[in-house]
1. Using modelled backbone amide H atoms (1.01 Å from N, in-plane), which distant-in-sequence or interchain residues come within less than 5 Å of residue 215's amide H?
2. Give me the number: length gained by fully extending residue 364 to residue 188, i.e. 0.36 nm times residue separation minus the C-alpha to C-alpha distance, one decimal in nm.
3. I need the phi-derived Karplus couplings for the stretch 370-382: 6.51 cos²θ - 1.76 cosθ + 1.60, θ = phi - 60°, integer Hz, Gly and Pro marked x.
4. Whose amide H sits under 5 Å from the amide H of residue 179, counting only residues 5 or more places off or on another chain, with H placed in the peptide plane?
5. Over the chain, what percent of the accessible surface lies on carbon and sulfur atoms, probe 1.4 Å?
6. Using the Karplus curve 6.51 cos²θ - 1.76 cosθ + 1.60 with θ = phi - 60°, what ³J(HN,Hα) values do you get for each residue of the stretch 136-148, in whole Hz, with x for Gly and Pro?
7. Please give the helix 313-324 orientation as an angle from the longest Cα principal axis of the chain, in degrees from 0 to 90, rounded to the nearest 10.
8. Using the Cα atoms of the stretch 181-238 to build a convex hull, what is its mean projected area in square nanometres?
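The values are calculated or read from the model by the stated rules, or taken from the named source; none is laboratory data. Treat the numbers as computed from the prediction; the structure is a model and nothing was measured. Glycine also receives a Cβ, built like all others from the backbone with ideal geometry; neighbour counts cover every protein chain displayed. Please note that ligands, DNA and RNA were not included when accessible areas were found on the heavy atoms of the full protein model with its side chains. Shrake-Rupley method; radii C 1.70, N 1.55, O 1.52, S 1.80 Å.
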Amino acid sequence: MGAQQVAERFTELYGTAPQGVWAAPGRVNLIGEHTDYNDGFVMPFALPHQVIAAVSGRDDGVVRLHSADVEDGVAELSLDALAPQSDREWTAYPAGVVWALRQAGHEVTGADIHLSSTVPTGAGLSSSAAVEVVIALALNDLYGLGLQRWQLARLCQRAENVYVGVPTGIMDQTASACCESGHALFLDTRDLSQQHIPFDLAAEGLRLLVVDTRVKHAHSGGEYGKRRAGCEKGAALLGVDALRDVPYAELDAALARLGDEEEVIRLVRHVVTEDHRVERVVGLLRSGEIRAIGPVLTEGHASLRDDFRVSCPELDLVVGTALANGALGARMTGGGFGGSAVVLAAATDVDTLTKAVEEAFAAAGFTTPRVFEAVPSPGARRVE
Ligand code: ADP
Ligand code: MG
C-alpha cells in the first residue's frame, strides 16, 4: 500500500482527487513505561508501519470518513453533531481530532478522508495515535492552521482522552508526530521538551525485534486506572506534584517514608527507577554504547513484572526465551497485560531467537506471536 494507491481509492470513493496525502507512523517504546502520567521520561521511536491518509477540505460542515481496513461504507458526520463519547466506532478517532481542533478555536469546516494502515491494531503499537496524527497534520496543512507538531500531539491526545474516552498519556501522539528517522525520541512528558537521540542499530550489527503476543487481557483498562491512582496516591503521600519529582538518589528515603503502604511502595519504586533507566539509556546511546542498553531494558522488564505488576505469562515468555537464546536485552513495551515486547539482539542471532520464541509459544499453547524488525523511522509527514 502506497500513497498513490490511497489517493486512487480516495478518488474512486469521492469522485475527485484528494488535495494531498499524509502519513503518520505507529511507535514502539524503547524504555520509559508507565512514566508518562507521572510527568516522567519516555523514549519511543517511530515504526516503518504507518497510516496513510488522503484528505480534502470541505466548506459545508460535513466530514466523510472511510478506512480501507474496516468493512464498512463511507461514514458521513455533521460537524455540529460531534460530541464527546457519542461514537463507539473507529470513526471517533478522526472525528475526535476534528472536534478537538474546532474546540481549540481552529476553523475546520469539513473534510473528506480515506485512510489505510499497516500498523497492527491493539498490539500496543499506537495505531490509534497514528490515525489521529495523520488527520491532525493533514487538516493543519489544508486549513493553514500553523500549529506545531507538539501542539498537534496535544490536540490528538485530547481527542483520544475526551472525545473517544480513552485515558492515555502524551507519548503516543508525540512519537507519531515528532520522531525522526534513525533516532529515538527522548521526551520529557512534563514540559514536552524533546531530544532526538541517534539510534543506529544496523551500524552496530544489531536488531530490535518487536514481538506482538497477539493477546490483550480483558482487565487491562481497569488495571491501568488502578496503577494511575496508586501513583497519584504515592505522589500525594510524598508531598510532590508527580512521582517525577522524587530524585533517584533519594528513592530509599522516600520509600521509607511510605511506611507499610506495600502497593504504593512498589509503584513508586518502578516509576522512579524507570525514569532513571531512561536517563541511563540516553547516556549510553550518546556515548555510542548501544549494546550496553540491553541489561537496562531487561531490568525494566523485571521492574514492570515484579513491582508494577503489568506483565503477563506471554510477555514473560518472550523475554525469558529471548534472553536464553542470546538476546542482549528484552522487555515488555506499552501498557502491559498483552501487547508487544521488544528484544535487542545481534543480527546473527535473530533467526534462532525468533524460532525459539515461536516454539516456546507453541509449547505453551499460546497464539503464534508476530515478530518483526523495528527500524527507527520518520515521524508524520506529507507524502504527496
Ligand atoms: P493501539 O493504539 O494500541 O493499536 P487502540 O485500542 O488504542 O490500540 O486503538 C485501536 C483502534 O484505533 C481500533 O480499534 C480502531 O478503532 C482505530 N484504528 C486503528 N487503525 C485503524 C484503521 N486502519 N482504520 C480504522 N480504524 C483504525
Ligand atoms: Mg492506542
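1. 339
2. Here the answer is 59.5 nm.
3. 9, 10, 8, 8, 9, 9, x, 10, x, x, 4, 6, 7
4. 379, 380
5. Details: 7090 of 14980 Å².
Heavy-atom surface of the chain belonging to carbon and sulfur, 1.4 Å probe: 47 percent.
6. For the stretch 136-148, the Karplus-derived couplings read 4, 5, 4, 5, 4, 6, 5, 9, x, 6, x, 7, 7 Hz, x marking Gly and Pro.
7. For helix 313-324, the angle is close to 60 degrees.
8. On the way: hull surface 28.0 nm².
Over every viewing direction, the Cα hull of the stretch 181-238 projects on average to 7.0 nm².
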